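Student: What follows is a single structure, and I will ask about it in a moment.
The values are calculated or read from the model by the stated rules, or taken from the named source; none is laboratory data. All of these numbers come straight from a predicted model, not from anything done at the bench. All Cβ positions, glycine included, derive from the backbone under ideal geometry; neighbour counts span all protein chains shown.
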2 protein chains.
Amino acid sequence: MDFAFVQVPAKATVQVVRDCAAKGIKLAVLFTAGFGESENEWGKELEEELVNVARQSGVRLLGPNCMGVYCPAVRLTFGPDFPVESGPVGAFCQSGGNAHQLVYSGGHRGMRFSQVISYGNAIDINEAELMEYFAQDQETRVIIAYIEGVKEGRRFYQALKAAAQAKPVIVFKGGQTIAGAAAALSHTGSLVGSNELWGGLIKQAGAIQAYNIDECVDIALALLFMRPPGGRRVAVFGNGGGATVQSADDCYRAGLVLPAIPADIRDELKEFIPVAGNIFRNPLDIGGIFDKPNEISSTVRSVGKWTGVDSLIFNAGIGLAGDYMVEFNLLKPNVEAFISTTKEVDKSAAVVVHAVYSDQGYRGFSQLRQTCADAGMPFYPSVQHAANAIDKVIRYYQGRGSPL
Amino acid sequence: MDFAFVQVPAKATVQVVRDCAAKGIKLAVLFTAGFGESENEWGKELEEELVNVARQSGVRLLGPNCMGVYCPAVRLTFGPDFPVESGPVGAFCQSGGNAHQLVYSGGHRGMRFSQVISYGNAIDINEAELMEYFAQDQETRVIIAYIEGVKEGRRFYQALKAAAQAKPVIVFKGGQTIAGAAAALSHTGSLVGSNELWGGLIKQAGAIQAYNIDECVDIALALLFMRPPGGRRVAVFGNGGGATVQSADDCYRAGLVLPAIPADIRDELKEFIPVAGNIFRNPLDIGGIFDKPNEISSTVRSVGKWTGVDSLIFNAGIGLAGDYMVEFNLLKPNVEAFISTTKEVDKSAAVVVHAVYSDQGYRGFSQLRQTCADAGMPFYPSVQHAANAIDKVIRYYQGRGSPL
């Protein structure tokens, strides 16, 4: 595949498309802004002319007002620091900034992409065609779409429904409020529908709704890296009483259930976890063994053999005594012990690192994020994020009639 | 003030309290856990004995199962890396971990404390007495309380009401759900009330409710560092179309209003901001001048003189081209320009840095957070956090009948 770059003002793009046609170039990516989204009286007219020239000449247009295509397999990118490896996530974003954020946010947590397409004003290639493309693309196992407005409503809905039949589709609809809709009009010239309408359509199509880019990543990681949860019952392993109470509230609010740990397992745990200062309920507060990875493994093994729970969350908070634990490398062995032991037991699993404030704490966070990314373990910045992602994938599997 | 530390098992603490009495010591801080919160049959009995001995001997007890007192003025701390300077926030937390998190989270954003008290099982000194103390404490201008359960319901409610009359009080109630309540029982032996009950009591008392430690900090920063907003109308300055749409949705969902920028101000802005790729609505997308702090100042000056807006939010996203901007130190001058120019105009102001993923991006985040902390500018990790804090302080001021 060959690429060429030319820099021209908006009004000269029509000629560029004609030149493409003359040279047999099939796709023009129009990075240039200042078209229908701006307040130029000629912006909309120019878009119409571009589309006419393109249709007549057989050149397809991506954009204008977009960043183009990130496709690691052919070494094409719009971010100099994007991962060079390909992966199973196919994404298209009407915002180039959101496309960047998706690759950064997902990339650091181990997500890799078949393609990420920033498609801007969508005057030719639009969200319906992109959804159709990713639905049939064999390299893509999960689709993420950031959409501000829809050009072909009926076609898009059919495409969304068909795609969601084929593979999980996460839709982040920007401009759902009156204020956001006005911003979207100025951003990509999009006319948007209401939140209620979109929420209904996404649900009816069997897709998953998200409200920001990080949530798209949260959900995709659970789909890619987590074995489908057998149900809503979770066990949480953490450090600190306040964090334990918070994680219980967060799980409950996300619709997850924290069943009481049976007496025989509690007795087992008390053999190697000190009673004072720890909590033998669910969530478990096992701060007393946070410097003992073997005991972490034993805990996961004890609770993991229990048929009363479907998912295990390891909540490796950093705030309390975090700098110390990072400095002496005490947290990484815990997370590694959790990761390796969850492979022995028949459960879904996720890791949380919360309460990151100091520079030292961030280094620990970054290290544990990398450990999880390397191991294919879903990683979250709070129990709230993890619980929300687990809830959404459970709803997704239930919607498909999968046995839970 | 003198301090002494002794290490004994839970059962020996009664004798320690007797020794305190004999030596004329007035306060015993019982760090030791394994009392009423544990499942020892003797835990509750031991607490009763401790209270009896204390009452008879005149020694006051903090805890057990607590971290004690952080009081920078007398150089007393339970965290070796807590700030040494005093400040206007007085806090008491039933969880020692949450107390740590509060000092870390707030400290890095410029918040300083009169005292932070971790009070654990509250067998003697309890939340009611602590609220009474901070209400009358002249050093404390804002109170933050993390509470799992209440020992003296009527007294606490009266204290909360009186405190909220005197100064802003932020209450984070842990264990609001059935799952969280069970965890709180095991953490500090607390019997907790329902979310509905607590929500109603906090509101009726004129206090502010928060749902996690970071939100306590978000709100306290707006109370301490932000001039009280004259109303719900905000203008947002940012970089990137997707971020602009997201910030509009986030503001709207928090109940803030984004009024349209008048034509004359838009014309003024177009004199020094390129039209293509930027958005002259509200939120403003001014990515085209993100390497020009003087133009940032001019923008803030233009919009800041407008009487149609109450608060200004600078959204210095890091994700898109962030590493580059951090490496060449392009973001800090922008934030400094925003901070200094908002002092010229008659508006509330806040800074947001979102989309932080890379190590380089974190360095930029940390640097901008410090810049804001040094300048007394409230700093938030997303527009959603900033908008939520602004909404909550507006409700607080309105509840007091302050003119908005």
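Student: Could you tell me how many of the residues in segment A:278-295 are within 11 Å of another protein chain (Cβ to nearest Cβ) and either within 30 Å of A:Lys392 (Cα to Cα) or surrounded by 19 or more Cβ atoms within 10 Å (Cβ to Cβ) (or both)?
Tutor: Result for segment A:278-295: 9.
Student: Yes or no: A:Asp291 touching a Ser or Thr at 6+ places or on another chain (Cβ under 6 Å), at pLDDT below 95 and within 15 Å of A:Gly238 (Cα to Cα)?
Tutor: Here the answer is no, as A:Asp291 does not meet what is asked.
Student: Can you confirm whether B:Ile147 is more than 14 Å from chain A (Cβ to nearest Cβ), within 17 Å of the chain's Cα centre (by Cα) and closer than 26 Å to A:Ala248 by Cα?
Tutor: No.
Student: Can you confirm whether segment A:374-387 contains a residue that is over 17 Å from A:Phe237 (Cβ atoms), outside any loop (DSSP other than H, G, I, E, B), touching a residue at least 60 places away in the same chain (Cβ under 8 Å) and within 14 Å of another protein chain (Cβ to nearest Cβ)?
Tutor: No, that holds for no residue.
Student: Here's another thing I want to ask about it. Restricting the search to segment A:296-321, which residues are within 14 Å of chain B (Cβ to nearest Cβ) and in a helix (DSSP H, G or I)?
Tutor: none
Student: May I pose another question? I'm trying to understand the selection: among the residues of segment A:264-275, which are surrounded by 13 or more Cβ atoms within 10 Å (Cβ to Cβ) and either within 38 Å of the chain's Cα centre (by Cα) or without any contact (Cβ under 8 Å) to a residue 12 or more places away in the chain (or both)? Give the steps one after another, and end with the answer.
Tutor: Filtering segment A:264-275 down to residues surrounded by 13 or more Cβ atoms within 10 Å (Cβ to Cβ) leaves A:265-266, A:268-270, A:272-275.
Of everything in segment A:264-275, those that are surrounded by 13 or more Cβ atoms within 10 Å (Cβ to Cβ) and either within 38 Å of the chain's Cα centre (by Cα) or without any contact (Cβ under 8 Å) to a residue 12 or more places away in the chain (or both) turn out to be A:Ile265, A:Arg266, A:Glu268, A:Leu269, A:Lys270, A:Phe272, A:Ile273, A:Val275.
Student: Given the conditions (1) in contact (Cβ under 8 Å) with a residue 24 or more places away in the chain; (2) facing chain A (nearest Cβ under 10 Å); (3) in a helix (DSSP H, G or I), which single one is not true for B:Tyr324?
Tutor: Evaluating B:Tyr324 over (1) in contact (Cβ under 8 Å) with a residue 24 or more places away in the chain; (2) facing chain A (nearest Cβ under 10 Å); (3) in a helix (DSSP H, G or I) leaves (1) as the failure.
Student: For A:Phe78, work out the one condition from (1) at pLDDT 95 or above; (2) over 18 Å from A:Ala184 (Cβ atoms) it doesn't fulfil.
Tutor: Single failed check for A:Phe78: (1).
Student: Does A:Leu368 count as farther than 30 Å from B:Tyr362 by Cα, among the hydrophobic types (A, V, I, L, M, F, W, C) and part of a helix (DSSP H, G or I)?
Tutor: no
Student: Another question, then. Report, by residue number, each residue of segment B:96-121 that is more than 19 Å from B:Tyr133 (Cβ to Cβ) and out of contact with any strand residue (DSSP E or B) (no Cβ under 6 Å at 6 or more places or on another chain).
Tutor: Matches in segment B:96-121: B:Gly97, B:His100, B:Gln101, B:Tyr104, B:Ser105, B:Gly106, B:Gly107, B:His108, B:Gly110.
Student: Could you list, in sequence order, all residues of segment B:356-383 that are buried (at least 21 other Cβ atoms within 10 Å of the Cβ) and more than 19 Å from B:Asn334 (Cα to Cα)?
Tutor: B:Tyr357
Student: Pick from segment B:254-285 the residues that are among the hydrophobic types (A, V, I, L, M, F, W, C) and touching a Leu at 6+ places or on another chain (Cβ under 8 Å): which of them is nearest to B:Phe237 (Cα to Cα)?
Tutor: Only one residue tops the list, namely B:Leu284.
Student: State which residue pairs qualify: first residue more than 10 Å from every other protein chain (Cβ to nearest Cβ) and inside segment A:94-120, second residue in a helix (DSSP H, G or I) and surrounded by 24 or more Cβ atoms within 10 Å (Cβ to Cβ) in any location, beta carbons under 6 Å apart, and separation of 6 or more residues or different chains.
Tutor: Once the first residue is more than 10 Å from every other protein chain (Cβ to nearest Cβ) and sits in segment A:94-120, its partners that are in a helix (DSSP H, G or I) and surrounded by 24 or more Cβ atoms within 10 Å (Cβ to Cβ) give A:Val116/A:Ala99; A:Val116/A:Val103.
Student: Could you check how many residues of segment B:183-212 are away from every other protein chain (no Cβ under 14 Å) and either polar (S, T, N, Q) or part of a loop (DSSP other than H, G, I, E, B) (or both)?
Tutor: Here the count works out to 4.
Student: Of the residues in segment A:342-355, how many are buried (at least 24 other Cβ atoms within 10 Å of the Cβ) and assigned to a helix (DSSP H, G or I)?
Tutor: Counting residues in segment A:342-355 that are buried (at least 24 other Cβ atoms within 10 Å of the Cβ) and assigned to a helix (DSSP H, G or I) gives 1.
Student: Checking A:Thr32 against (1) within 14 Å of chain B (Cβ to nearest Cβ); (2) over 29 Å from B:Phe280 (Cβ atoms); (3) buried (at least 18 other Cβ atoms within 10 Å of the Cβ): exactly one of these is not met. Which one?
Tutor: Going through (1) within 14 Å of chain B (Cβ to nearest Cβ); (2) over 29 Å from B:Phe280 (Cβ atoms); (3) buried (at least 18 other Cβ atoms within 10 Å of the Cβ) one by one, A:Thr32 breaks only (2).
Student: Let me ask something additional. Find the residue count for segment A:338-352, including only residues that are among the aliphatic types (A, V, I, L, M) and either out of contact with any Ser or Thr (no Cβ under 9 Å at 6 or more places or on another chain) or at positive phi (or both).
Tutor: Number satisfying all stated conditions: 1.
Student: While we're looking at this one, here's another question. Residues that are out of contact with any strand residue (DSSP E or B) (no Cβ under 6 Å at 6 or more places or on another chain) and touching a residue at least 40 places away in the same chain (Cβ under 8 Å): does segment A:66-81 have at least one?
Tutor: Yes, segment A:66-81 contains at least one residue that is out of contact with any strand residue (DSSP E or B) (no Cβ under 6 Å at 6 or more places or on another chain) and touching a residue at least 40 places away in the same chain (Cβ under 8 Å).
Student: Run down A:Ser311, A:Ser298, A:Ser247 and say which single residue is on the phi < 0 side of the Ramachandran plot and surrounded by fewer than 24 Cβ atoms within 10 Å (Cβ to Cβ). Full working, then the answer.
Tutor: Values: A:Ser311 fails: surrounded by fewer than 24 Cβ atoms within 10 Å (Cβ to Cβ); A:Ser247 fails: surrounded by fewer than 24 Cβ atoms within 10 Å (Cβ to Cβ).
Result: A:Ser298 is the single residue among A:Ser311, A:Ser298, A:Ser247 that is on the phi < 0 side of the Ramachandran plot and surrounded by fewer than 24 Cβ atoms within 10 Å (Cβ to Cβ).
Student: Quick one: is A:Gly180 at the interface with another protein chain (Cβ under 9 Å from one of its Cβ atoms), closer than 30 Å to B:Val275 by Cβ and in contact with an Asp or Glu (Cβ under 6 Å, 6 or more places away or on another chain)?
Tutor: On the way: at the interface with another protein chain (Cβ under 9 Å from one of its Cβ atoms): yes; closer than 30 Å to B:Val275 by Cβ: yes; in contact with an Asp or Glu (Cβ under 6 Å, 6 or more places away or on another chain): yes.
In short, yes.
Student: Residues of segment B:261-277 being part of a loop (DSSP other than H, G, I, E, B), under 17 Å from A:Ser186 (Cβ atoms), more than 8 Å from chain A (Cβ to nearest Cβ) and among the hydrophobic types (A, V, I, L, M, F, W, C), which ones?
Tutor: The answer is B:Ile261, B:Ile273.
Student: For A:Ala122, work out the one condition from (1) more than 30 Å from B:Ile261 (Cβ to Cβ); (2) modelled with pLDDT of 95 or more it doesn't fulfil.
Tutor: With respect to (1) more than 30 Å from B:Ile261 (Cβ to Cβ); (2) modelled with pLDDT of 95 or more, A:Ala122 is out only on (1).
Student: Considering only segment B:222-247, state which residues are within 14 Å of another protein chain (Cβ to nearest Cβ), touching a residue at least 12 places away in the same chain (Cβ under 8 Å) and either within 22 Å of B:Gly106 (Cα to Cα) or in a helix (DSSP H, G or I) (or both).
Tutor: B:Gly241, B:Ala243, B:Thr244, B:Gln246, B:Ser247
Student: Kindly evaluate A:Val300 against the criterion of being modelled with pLDDT of 95 or more, in contact with a Ser or Thr (Cβ under 7 Å, 6 or more places away or on another chain) and not small (Gly, Ala, Ser).
Tutor: In short, yes.
Student: Could I ask something else about it? Which of (1) within 20 Å of the chain's Cα centre (by Cα); (2) without any contact (Cβ under 8 Å) to a residue 40 or more places away in the chain; (3) under 30 Å from B:Cys66 (Cβ atoms) is the odd one out, the single condition A:Asp250 does not satisfy?
Tutor: That leaves (2) as the condition not met.
Student: In this structure, is A:Gly180 free of Cβ contacts under 8 Å to residues at least 60 places away in the same chain, buried (at least 22 other Cβ atoms within 10 Å of the Cβ) and part of a loop (DSSP other than H, G, I, E, B)?
Tutor: Judged against the criteria, A:Gly180 is not a match.
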